[in-house]
Structure formats: C-alpha cells, structure tokens
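Below is one structure, written out as structure tokens; the observations come after it.
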Amino acid sequence: MVKLQSLLSAILFALSATAMEIPSDWTAPVEPFNVVGNIYYVGTAELSSWLIVTPEGYILLDAPLEENVALILSNVEKLGFDPMKIKVLLNSHAHLDHAGGLAAIKAKTGARLYMSKADAELAARGGKDDFAFGDSATYPPVVADVILQDGQGVTLGGSAPGGTTLVAYLTPGHTKGNTTWTTRVRDGDRELFVIFAPSISAPGYTLVGNAEYPEIVDDYRATFKRLGNIADPASPTPDVVLSTHGSFFDLEKKAAARRAGEAENPFVSPGALGEFVETWRTHFEESLAQQRDQK
Ligand SMILES: [Zn+2]
C-alpha cells in the first residue's frame, strides 16, 4: 500500500481545513486509457472516474469535483466516445472528491443517477452536515433518481455482448451510504471479476462516543469483513481491484505499464483485495485503540 501515510495526511489536512484545500493531484490530468475489458479510466491523477462502455450507452462511476467535469468529459471524448451517451451515473460515496461533479454531468447528459439512501441524502445536501466534516467540504447538490438496495444490480446494454451489470454492496463507515461496486468483464478470451473498492479510511473521524454516528465502529468492522469476503460464483476473489483514489491501487505505475503495452495487464492482480482491506483494517484498529487510550 504505497504512499498510504502521506495520502492519509493529505486527505486529513485537506478535509479538516476550514476552507477546503484541494491537493494539486486531485485536479492534475492524466491521459485516459482502457483499464480492462470495457472499463476506461477518465479521472485525474488521484481521483478516480470510471467509464463503462456498453452497446446502449455508458455508465460513469464517480465525478470527482465540479472543477474536473470538463476534464472528465473531454477524457471520454478523447477515447472516442460521445459524452452525451452517458446514460447511468453511479457513485462510490457522496463526498466532494467523488460526487462534486455529479450535478453538472447529470444536467448536461440527462443520465439517471443511482445512489444508496444515506448517500443520496448527503448528496442532496451538497455534502453539508456531514457527520465528520460538517459543512467544510460542500459541492453542488444533486438528487438521485433511483435509491439502491443492498445487492441491487444496475444493467445497461441488457444481455447483448458488452451489456454490463454493476452490483451495489452497501459498505457503510466512511460515509453512512458508502457503496462498493462489482462487475464482470470480458477481456479477450477470459472473463474477469472486478471490484471498485470503496474508501475505507477514517480520516480524523471520532470513533469513540460519536453522537452523530453511534454505530460507526460496528459499521466499519462489518464493512471490512464483508469486503474481505466478496466473491462471485465464478471467482473466489476479485481479479481486478480498482478504487476511489489513484494511490489506493497504484494507478500511476500501472497506467504507465498499461500504456507501454505490457503483455500482462497490470490491473489484473487476484489477491489484491485482501491486502487492501487488511491495510485499512489495521490502520482503523490502531486509530480506534489510540482514541480509546486518550479517553
Ligand atoms: Zn470520502
């Protein structure tokens, strides 16, 4: 888990500042590229945005920051796709750095936005009254069209080749409606199980005696356990582990290898999920123990 400490302090610093400070890599452009199968990266150096291409239009997962919207849409175009064919908008969680651009993209494309109930409420407030950040990281409010149930699939392109279903798992903690997405993709002659792993950090969060979120510790622990066990009938563990921040899955290095045309796709790494979850779980338990000691 490279750069985890520096990343954590960057996020903590950014989000605890009274006036929200945006780290420069949150808006730094990177060349968009094909990740695996019909999944493309259209985000920035640090904040992920995923385009999933189907015969009936596109799914966009996450729209980090309002000021990145033009860049995201131009990345879609650069890849040869028409941004107006974005039909479905999904979100990992309703913080500024993953949901800040949803309102603008929804208005421009008319795409339908699917969100969990708790994060739909946070997004409708534009990030205000966040249990951890209060009103310090707000963004243009956006209203979800569909409220997701746990385990619900969102399909575009039906059963035609390239038709894709993403499945939502509610994994609360980082936000109360924090959502993990999985899908299966065809990549050449193989089929791969892909997870869009959520943010599971707790940057500066009050874990002991949190009146705004009394069940926070139980939620995090259940989420770590659930994530660690995510499987599907054909795969005991995801073959491809992507996530919300580039530094969570070594985007820079892997993207360079992918662009260089490495024979083995660097994003295919079965077993990576276990390491991801364990790293964050350990960090969480250390923070919790520290907070308990201080009480
Ligand atoms: Zn967040």
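Tabulated values for the structure
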{"read-out": "Amide H contacts under 5 Å for THR54, placed H, 5+ residues apart", "value": "ILE59"}
{"read-out": "Relative contact order for the stretch 131-187, counting Cα pairs under 8 Å that sit 6 or more residues apart, in percent", "value": "23 percent"}
{"read-out": "Phi to ³J(HN,Hα) by Karplus 6.51 cos²θ - 1.76 cosθ + 1.60 over the stretch 125-130, Hz, x for Gly, Pro", "value": "8, x, x, 5, 6, 5"}
{"read-out": "Spin-label pair ARG112/ILE147, simplified geometry with 7 Å Cα→Cβ offset, distance in nm", "value": "1.7 nm"}
{"read-out": "Under the Karplus curve 6.51 cos²θ - 1.76 cosθ + 1.60, θ = phi - 60°, whole-Hz ³J(HN,Hα) for the stretch 22-30, x wherever Gly or Pro sits", "value": "9, x, 5, 6, 6, 10, 5, x, 10"}
{"read-out": "Computed over the stretch 84-178, Kirkwood Rh from alpha-carbon pairs, angstrom", "value": "13.7 Å"}
{"read-out": "Relative contact order of the stretch 4-294, defined on C-alpha pairs under 8 angstrom at six or more residues apart (%)", "value": "15 percent"}
{"read-out": "Pairs beyond 27 Å (Cα-Cα), from LYS78/LYS106; LYS176/LYS253; LYS117/LYS254; LYS78/LYS176; LYS78/LYS128", "value": "LYS176/LYS253; LYS117/LYS254; LYS78/LYS176; LYS78/LYS128"}
{"read-out": "Share of alpha-carbon pairs per 5 Å distance bin for the chain, given as whole %", "value": "1, 6, 12, 17, 20, 19, 14, 7, 3, 1, 0, 0"}
{"read-out": "Table column - 3J(HN,Hα) (Hz), the stretch 285-291, Karplus curve with 6.51, -1.76, 1.60, x for Gly and Pro", "value": "5, 5, 4, 4, 4, 4, 5"}
{"read-out": "LEU79 versus ASP293: modelled label distance in nm, points set 7 Å from Cα along the beta carbon direction", "value": "4.5 nm"}
{"read-out": "Long-range HN-HN contacts of LYS128 with modeled amide H, under 5 Å", "value": "TYR139"}
{"read-out": "Residue-span extension gain [GLU275 to ARG125] - 0.36 nm each, minus C-alpha spacing", "value": "50.6 nm"}
{"read-out": "Long-range HN-HN contacts of SER243 with modeled amide H, under 5 Å", "value": "ALA197"}
{"read-out": "Trypsin sites (Lys or Arg not before Pro) restricted to the stretch 33-141 and DSSP loop, no more than 16 other C-beta within 10 Å", "value": "ARG125, LYS128"}
{"read-out": "Where labels lie 7 Å past Cα in the beta-carbon direction, separation of GLU21 and THR282 in nm", "value": "2.8 nm"}
{"read-out": "Dimensions (Å) - the stretch 206-286, Cα atoms, principal axes, largest first", "value": "51, 30, 19"}
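Bear in mind that the values in this text are calculations on the coordinates, not laboratory data. Here the structure is a predicted model, which means the values were calculated and not measured. As a convention, Cβ positions derive from the backbone with ideal geometry for all residues, glycine included, and neighbour counts pool all protein chains shown.
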